[in-house]
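The values are calculated or read from the model by the stated rules, or taken from the named source; none is laboratory data. Nothing here was measured: the structure is a model prediction, and the numbers come from that model. Cβ placement follows ideal geometry from the backbone for every residue including glycine, while neighbour counts extend to all protein chains displayed. These area figures cover heavy atoms from the full protein model, side chains too; ligands, DNA and RNA do not enter into them. Shrake-Rupley method; radii C 1.70, N 1.55, O 1.52, S 1.80 Å.
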Amino acid sequence: MHVVVCIKQILDPEIPPREFQVDPQTKRAVRGRASLVISPFDLNALEVAVQLKERAGGRVTVVSLGGEETPEALRRALAMGADEAVWIRDGALEATDASGTARCLAAAIAKLDEPDLVLFGRQAGDWDQGLVGPMVAEALGWPLVTNVFQTRGENSPLELLQQAEGGYRVVAATLPAAATITNHEANVARLPKVREIMLANRKPITQWSLGDLGLAADEVAPRVVVEALAVPVPEGHCTFIEGETAQEKAQNLARALRELKVI
Amino acid sequence: MDPMATPTREVFWNIEHTWLVYVLLYPTAIAFVYGLGRRVEGWFMGKPQIRWDRPWLRLKLFLRDGLAQAQVLRERRAGLAHLAFSWGFLVLTLATVAVFLQHDLGIPILSGNFYLYFQSLVVDLFGFAAIIGVVYVLYQRYVVRPPRLTHGVFSDGVLLVGFLVALIQGYVVEGLRIVATQDPWGIWSPVGYATGQLLVALGVRELPLQLALHRFFWWTHLVTAFAGNAYLPYSKAMHLLVAPLSLFFRELEPAGRLRPMEIEGAERLGVKALSDFTWKDLLDLDACTECGRCQEVCPAHAVGKPLNPKTFILDLQRQMAGLAREEVTPAVRPALAPGVQVAAATLAEDAALEIVGHSIDPEVIWSCTTCNACVEVCPVEIEHVAKIIDLRRYQVMEEAAIDETPQQALQGLEDRAHPFRGTQASRADWYQDLPYVKTLAETGPVDYLYWVGCAVALNERTQRTARALARILHAAGIDFAVLGEEEVCTGDPARRMGNEYLFELLARQNIDTLQRSQVTRIITTCPHCYNTLKNEYGALGGLFQVVHHTELIEELLAQGRLPLKGPVDRSPITLHDPCYLGRYNGVYQAPRQLVDALGERVEMERSRARSFCCGAGGGRYFMDDRPGQRVNVERSRQALATGAPTVATACPFCTLMLEDGVRTAAREAGREAPEVKDLAELVAEALDEEALAAGWPPEEAGGRRA
Ligand code: SF4
Ligand code: SF4
């Protein structure tokens, strides 16, 4: 079984809100002092992949598209149990969007050694669009199952456990297939062992440029233009609940809350 | 008898068939040497470690704690009893050696003054002291029965009663000899002499009866003594031989300096099996006297967590005993080792057996707050904390076996260089509106770097400590700056949770920042940072002068550089000694002087070296407590018991833990919760702002520094 996991390195979503800023010119978040981490759902996807490998054998390849600090994310993935890493790196990708990213990933997956399954995080922790997974599946012409949290079995058709209202659904997927992964207690990302971290530091990372993928710069040019991006300013309102007695105040409070549809 | 004759006695007086002694001696010696050998063999499985540097210091400490038993004596009565019977035992052993020298090597030693003063008088008195000691210990052990003495009830009884019987037999033999031979020097053995008189008074008057009884008791005394010696290496009395070693080979490094370890190229990270420990760690296991002092002081044990430092050591000892005794055939085994549980595993299996999960439950090693109270109190210098951390190191670095909440703290350290998940604060928040707080990048080299620490900078509550200290430093005219966003965690939580790799990454980054900024002197408000910066960065090339804020403030007060308004309103004040400031670094006085300057001080029952942890150390701050097992609540109860309306601390973790704990404790007691404050806050509140505004110190006192 050859599982490919596509991961994205994003700004740490846990930075204090005060520090989060947007550059009005480029309409992008400012890096500031925030660290870069692997997008949370991608970590769940990695965990699902590594569990599948541990059960069914085979190997896991991680692929990421990004700037100069991408190797950090790839090394962490290697430490968590991935066997190989591919870094898609090209100056022309700087401004690309979901469709350009999907094109590159699809080309890279096609270039890899016969993957059986491709996993994505349900959506990236920065833009929360959830587009890349479906677009890659589309480009590859593979079946896609969304909101998966676990796999069962060892061969095609592989059972994918898909989250559903109040429970889950089991989908049998003929391989090759793609899936987007959501978080669940069964796929909490493992803490890499220090031994593995040290080994990961020595593993090579394959680099592919657009040319290596057989793509031209205009094929990955953004098709979506961000018009505006701003940090919401939280506004506080203060309303005093009036009333003569405590009971009256409570009733008025309850009414106010009901009007706000809070209760 | 000729009054001018040289005082002496005949060695085998009244005894025939003395060859029998040697017949009995051989099996005794074999059992003894065999038992000892098995133990020593166990230690040799351990990894090498140099513990013979500074031999004179070692010798000095050994004499203090081994012969004079200074540490044992920290518990007055039990210590005296122990001193009495251990010295009794030692002196009696020397007396036996003297007999051996005279009889078997032909050195005429048992005559003249040596005979009178030592062999008769001293030996007699020490033996008697030993009887008193043993009786006291038996009384404690089997009548009073404190909870800390719960191990080896049977085997201890055998030992103590055996020793007592041998002593009494000895006096009976001596007494009978004195009366039967009409020994002119008999009175030099007063207790023996009295025993003889007593026997005569009881009716043992005829010489033949005296001779027969003498022979009987002589032989039974011999058998008892031999049996005791043969049993020794299989019992806890083994500490008699091993404790001197553990005292001599003790850790001489500062307590706060965790043992370094090799990471790159290490075959195994941390300790998985017994053979991964160092030889000293394994020797420690056999040195344990089962005194239970560590159990008594352990905060984890006090609140009912599964950790008991004594049991921890003894469980490891048992695993090692199973290994060391393996080659003894099953038939011999029980005979050699009654009371010692013998594991059934094979030699190789036992040596490689994973400790955690086999003889030690994982929850045991994660319950430890690394408060060091056990190490501090142990009379034979056993190093519990180093062992617990070594076991954690393996669990974390090789197995990644750690609960989710502490795992998230480690992950936070890796991703954002602090362990406080979900904090809304950034390191620069607390000084945004304080014009006198600047970063090093803005000021360039300064007298003091104020190292804030994550626990202070990233919690709204403890930021008040930082603001208070900054106010004080500014008032005293100290030239200081902070690192601001450039500061990252010192790595203490990672190190204490067993992730040495992460610790090193963080430490190297900090050392690099500090050296680049030409920092030489550092003030910290966090004892954990203090300890790490002061004691642990040196090994990685970072040498700095570090002061804790209480030390510096105390100095400033003493120099008259801080005007105070007078006693605070909420006096008296009780002081909680943070483990990493007090026990680890010996800073007890400075915080007390601050409290004294602020009001009346009331001490908690457990303070200074016996202080009870707040529950946060060793990464425990980042782990969950089971209901009813919260160390901070227990400590808060102790603080409440003083009745003081203010609890002073000197550590952000303690502040957070106790502030939380006093609420629960106060609710339980139906009382108002005392205020928990860092000493910096208390001093800042007491600053006489008017005097400062008028210019302090006044001109004639020398003026203030620029
Ligand atoms: S360090 Fe403290 S918590 Fe840990 S075992 Fe010793 S006394 Fe108990
Ligand atoms: S470890 Fe030390 S303090 Fe604890 S029981 Fe053994 S000898 Fe006593």
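Go over the candidates B:R392, B:R416, B:R421 one by one and state the one that is touching a residue at least 12 places away in the same chain (Cβ under 8 Å), more than 15 Å from ligand 1 (Cβ to nearest atom) and among the charged types (D, E, K, R).
B:R421
Does the stretch B:616-636 contain any residue that is surrounded by 24 or more Cβ atoms within 10 Å (Cβ to Cβ) and away from ligand 1 (no atom under 16 Å from the Cβ)?
Scanning the stretch B:616-636 turns up at least one residue that is surrounded by 24 or more Cβ atoms within 10 Å (Cβ to Cβ) and away from ligand 1 (no atom under 16 Å from the Cβ).
Could you tell me whether the stretch B:518-539 includes any residue that is assigned to a loop (DSSP other than H, G, I, E, B), more than 30 Å from B:I389 (Cα to Cα) and open to solvent by less than 50 Å² (accessible area, probe 1.4 Å)?
Checked the stretch B:518-539: at least one residue is assigned to a loop (DSSP other than H, G, I, E, B), more than 30 Å from B:I389 (Cα to Cα) and open to solvent by less than 50 Å² (accessible area, probe 1.4 Å).
Looking only at residues that are open to solvent by 30 Å² or more (accessible area, probe 1.4 Å) and within 14 Å of another protein chain (Cβ to nearest Cβ) in the stretch A:1-14, which one is modelled with the lowest pLDDT?
A:E14
Surrounded by 16 or more Cβ atoms within 10 Å (Cβ to Cβ) and at pLDDT 95 or above: does that describe A:A177?
On the way: surrounded by 16 or more Cβ atoms within 10 Å (Cβ to Cβ): yes; at pLDDT 95 or above: yes.
When the stated conditions are applied, A:A177 passes them.
Only residues that are within 10 Å of another protein chain (Cβ to nearest Cβ) and touching an Asp or Glu at 6+ places or on another chain (Cβ under 8 Å): list them for the stretch A:17-67, please.
Answer for the stretch A:17-67, where residues must be within 10 Å of another protein chain (Cβ to nearest Cβ) and touching an Asp or Glu at 6+ places or on another chain (Cβ under 8 Å): A:R18, A:G32, A:R33, A:A34, A:S35, A:L36, A:V37.
Residues that are among the aliphatic types (A, V, I, L, M), within 17 Å of A:V4 (Cα to Cα) and modelled with pLDDT of 90 or more: does the stretch A:154-161 have at least one? First the steps, then the outcome.
First, pick out the residues of the stretch A:154-161 that are among the aliphatic types (A, V, I, L, M): A:158, A:160-161.
Within this subset, residues satisfying the condition of being within 17 Å of A:V4 (Cα to Cα) are A:158, A:160.
If we keep only those that are modelled with pLDDT of 90 or more too, we end up with A:158, A:160.
Yes; the residues of the stretch A:154-161 include at least one that is among the aliphatic types (A, V, I, L, M), within 17 Å of A:V4 (Cα to Cα) and modelled with pLDDT of 90 or more.
Could you run through the stretch B:53-110 and say how many residues are assigned by TED's automatic domain parsing to the domain that holds B:A166 and out of contact with any helix residue (DSSP H, G or I) (no Cβ under 9 Å at 6 or more places or on another chain)?
10
Go through the stretch B:650-698 and give me each residue that's outside any helix (DSSP H, G or I) and touching a helix residue (DSSP H, G or I) at 6+ places or on another chain (Cβ under 8 Å). Break it down stepwise before answering.
Our first condition is that a residue be outside any helix (DSSP H, G or I); within the stretch B:650-698, this holds for B:650-651, B:670-678, B:687-688, B:694-698.
Answer for the stretch B:650-698, where residues must be outside any helix (DSSP H, G or I) and touching a helix residue (DSSP H, G or I) at 6+ places or on another chain (Cβ under 8 Å): B:A650, B:C651, B:R671, B:E672, B:A673, B:P674, B:V676, B:K677, B:D678, B:L687, B:W696.
What are the pairs, 6+ residues apart or on separate chains, where a residue within the stretch B:460-481 that is without any contact (Cβ under 8 Å) to a residue 60 or more places away in the chain has its Cβ under 8 Å from a residue that is open to solvent by 30 Å² or more (accessible area, probe 1.4 Å) and not in a loop (DSSP other than H, G, I, E, B)?
Close Cβ pairs satisfying both conditions: B:Q463/B:D429; B:A481/B:E442; B:A481/B:T443.
Given the residues A:L52, A:L43, which is the only one that is buried (at least 16 other Cβ atoms within 10 Å of the Cβ) and farther than 19 Å from A:Q123 by Cβ?
Every option except A:L52 fails the conditions.
Taking the residues in the stretch B:368-409 that are among the small types (G, A, S) and open to solvent by less than 10 Å² (accessible area, probe 1.4 Å) as candidates, determine which candidate is farthest from the other protein chains (Cβ to nearest Cβ).
B:A373
Identify, from the list A:L144, A:L112, the residue that is away from chain B (no Cβ under 14 Å) and either farther than 20 Å from A:G58 by Cβ or buried (at least 19 other Cβ atoms within 10 Å of the Cβ) (or both).
Of A:L144, A:L112, the one residue that is away from chain B (no Cβ under 14 Å) and either farther than 20 Å from A:G58 by Cβ or buried (at least 19 other Cβ atoms within 10 Å of the Cβ) (or both) is A:L144.
Can you name every residue in the stretch B:289-325 that is in a helix (DSSP H, G or I), open to solvent by less than 20 Å² (accessible area, probe 1.4 Å) and either over 23 Å from B:W366 (Cβ atoms) or of a type in the set (D, E, K, R) (or both)?
B:R293, B:K310, B:A321, B:G322, B:L323, B:A324, listed by residue number.
So A:P157 ticks every box in (1) under 25 Å from A:R122 (Cβ atoms); (2) touching a residue at least 24 places away in the same chain (Cβ under 8 Å); (3) not charged (D, E, K, R) but one. Which box is left unticked?
Evaluating A:P157 over (1) under 25 Å from A:R122 (Cβ atoms); (2) touching a residue at least 24 places away in the same chain (Cβ under 8 Å); (3) not charged (D, E, K, R) leaves (2) as the failure.
What are the pairs, 6+ residues apart or on separate chains, where a residue within the stretch B:304-317 that is more than 14 Å from chain A (Cβ to nearest Cβ) and within 17 Å of B:R392 (Cα to Cα) has its Cβ under 8 Å from a residue that is near ligand 2 (Cβ under 9 Å from one of its atoms) and among the β-branched types (V, I, T)?
B:I313/B:I382
Would you point out the residue of the stretch B:264-288, among those that are within 14 Å of chain A (Cβ to nearest Cβ) and among the aliphatic types (A, V, I, L, M), that is surrounded by the most Cβ atoms within 10 Å (Cβ to Cβ)?
So the residue we want is B:L269.
So in the stretch B:474-495, with the set limited to residues that are buried (at least 24 other Cβ atoms within 10 Å of the Cβ) and assigned to a helix (DSSP H, G or I), which one is farthest from the other protein chains (Cβ to nearest Cβ)?
Here the answer is B:D492.
Of everything in the stretch A:80-103 that's hydrophobic (A, V, I, L, M, F, W, C) and assigned to a helix (DSSP H, G or I), which residue is nearest to A:A216 (Cα to Cα)?
The selected residue is A:A92.
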